[in-house]
1. Take the residues in region 155-180 that are among the aliphatic types (A, V, I, L, M) and farther than 15 Å from Glu256 by Cβ; name whichever of them is modelled with the lowest pLDDT.
2. Report yes if Ile143 is of a type in the set (A, V, I, L, M, F, W, C) and part of a helix (DSSP H, G or I), otherwise no.
3. Name the residue, out of Pro219, Pro157, Pro171, that is in contact (Cβ under 8 Å) with a residue 40 or more places away in the chain, under 17 Å from Glu108 (Cβ atoms), part of a loop (DSSP other than H, G, I, E, B) and not small (Gly, Ala, Ser).
4. Enumerate the pairs (first residue in region 240-258 and open to solvent by less than 40 Å² (accessible area, probe 1.4 Å); second residue anywhere and outside any helix (DSSP H, G or I) and of a type in the set (Asp, Glu)) with beta-carbon separation below 7 Å, excluding pairs fewer than 6 apart on the same chain, so at least 6 apart or on different chains.
5. Would you be able to tell me the number of residues in region 148-165 that are of a type outside the set (A, V, I, L, M), open to solvent by 40 Å² or more (accessible area, probe 1.4 Å) and under 24 Å from the mean Cα position of the chain (by Cα)?
6. Among the residues of region 198-218, count how many are within 23 Å of Thr163 (Cα to Cα) and either open to solvent by less than 50 Å² (accessible area, probe 1.4 Å) or touching a Leu at 6+ places or on another chain (Cβ under 6 Å) (or both).
7. Looking only at region 174-191, how many residues end up being touching a helix residue (DSSP H, G or I) at 6+ places or on another chain (Cβ under 9 Å) and not in a strand (DSSP E or B)?
8. I'm told Leu145 meets every condition in (1) surrounded by fewer than 17 Cβ atoms within 10 Å (Cβ to Cβ); (2) out of contact with any Asp or Glu (no Cβ under 9 Å at 6 or more places or on another chain) except one. Can you identify the failing condition by its number?
Amino acid sequence: MTLTAVVPALLILGAAGQTDARTPVAPPIAAAAPIATDKPEPTTPPPTTRRPVRHAAGDPFERFNRKMFARQQRFDRIVFRPVALGYKHVVPSPLRTALRHFFSNLGEPIVFLNYMLQLKPGKAIETVARFTINSTLGLAGAIDLAKGPAIRLPHRPNGLADTLGFYGVKPGPYIFLPFIGPTTLRDLIGNGADGAILAPTVGEPFDRLYYQLPHAVIPGLDERVEADGDLRALMAGAVDPYATLRSVYLQDRAGEIRHLHGGKRATGSSLELGDPLADPAGATPGTGKVPELADPMADPAAPAPQATQPDAKPAPPISPPPALDDPLKDPTTGTPARPTGSATPSPRA
């Protein structure tokens, strides 16, 4: 590189340096402080955990069951109950009773089969005798002669659901279905099997529509008519009709299974409720006697009085307590002390 090219370049660099030195440099601008606001900064809410739906013991499908129960109640109020009451007013009572006995008599072979499965041959023989008497002398079961006082063979309901419960099968979840009502998984399977036995084993007329349709409708209408009073009382007096009906059904079925093992069975209607105004500490059922209340003035620390026996001798009379001493008596002289400053009485002349 030549000298003539280097000198101009140096002069240009020197002028640029002087210009940069004389030019003042502005100080850096401080960052603006954030403006305070009254609104809080939005925060992200914590993720919410869905709580498990609570249900009663033995009723895992309670939400579904309550929906079906509400629909069944609406259907019963609009359609089923009016039709059942119409059936009651149109069909005379003797004819309704005859139809009830007729369809009940057709179920006696199912009762006999389940008593044999439960190893109860005595009950099975009684069922055969009842079925034979009512089917012949009772005009195909229209008249229930076997339950009369002369024979004393009443109808005993029994089915595959009872047999399963007899051998320890648990009822399973509680289910409420329209047109079926309250049931459990065990009862649903057992009752379905009972209804499907006669048609394939016997055949005609049990597999024909002219039998199956009346068999499904007439007993249902008759049961609705008979239970109308109890159902109205149950729905009107219960705080939660669904829970009350569930409790009544489960307790009734447990009593029937217990009865197969020799336990006592509850008498009366299964829908009969206790008196809500009854005093739980009041009269003993069946006696009408109310226990006496304790004396409110009695000393709680005193011993309880013993009951008197009829042969016990009377207690000796209690002597009266000794008289209290005179508070004015002088303990040293034995004579009553006179008050201070009192004058001695003078003898009379």
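1. Of region 155-180, the ones among the aliphatic types (A, V, I, L, M) are 160-161, 164, 169, 175, 177, 180.
Narrowing the set further to residues that are farther than 15 Å from Glu256 by Cβ leaves 175, 177, 180.
Details: Ile175: 97, Leu177: 96, Ile180: 93.
Top of the filtered list is Ile180.
2. Taking the combined requirement at face value, the residue does not satisfy it.
3. It is Pro157.
4. Arg246/Asp59
5. Quick first cut of region 148-165, residues of a type outside the set (A, V, I, L, M) only: 148-149, 152, 154-159, 162-163, 165.
Subsequent filtering for residues that are open to solvent by 40 Å² or more (accessible area, probe 1.4 Å) retains 149, 152, 154-157.
Then keep just the ones that are under 24 Å from the mean Cα position of the chain (by Cα); that gives none.
Total satisfying the criteria: 0.
6. So the answer is 2.
7. 9
8. Looking at each condition in turn, Leu145 falls short on (1).
The values are calculated or read from the model by the stated rules, or taken from the named source; none is laboratory data. The structure presented is a predicted model; accordingly, all values stated were derived computationally and were not measured. Here Cβ is always computed from backbone atoms with ideal geometry, including for glycine, and neighbour counts include all displayed protein chains. Each accessible area value is taken on the protein alone, full model and side chains, heavy atoms only, with ligands, DNA and RNA left out. Shrake-Rupley method; radii C 1.70, N 1.55, O 1.52, S 1.80 Å.
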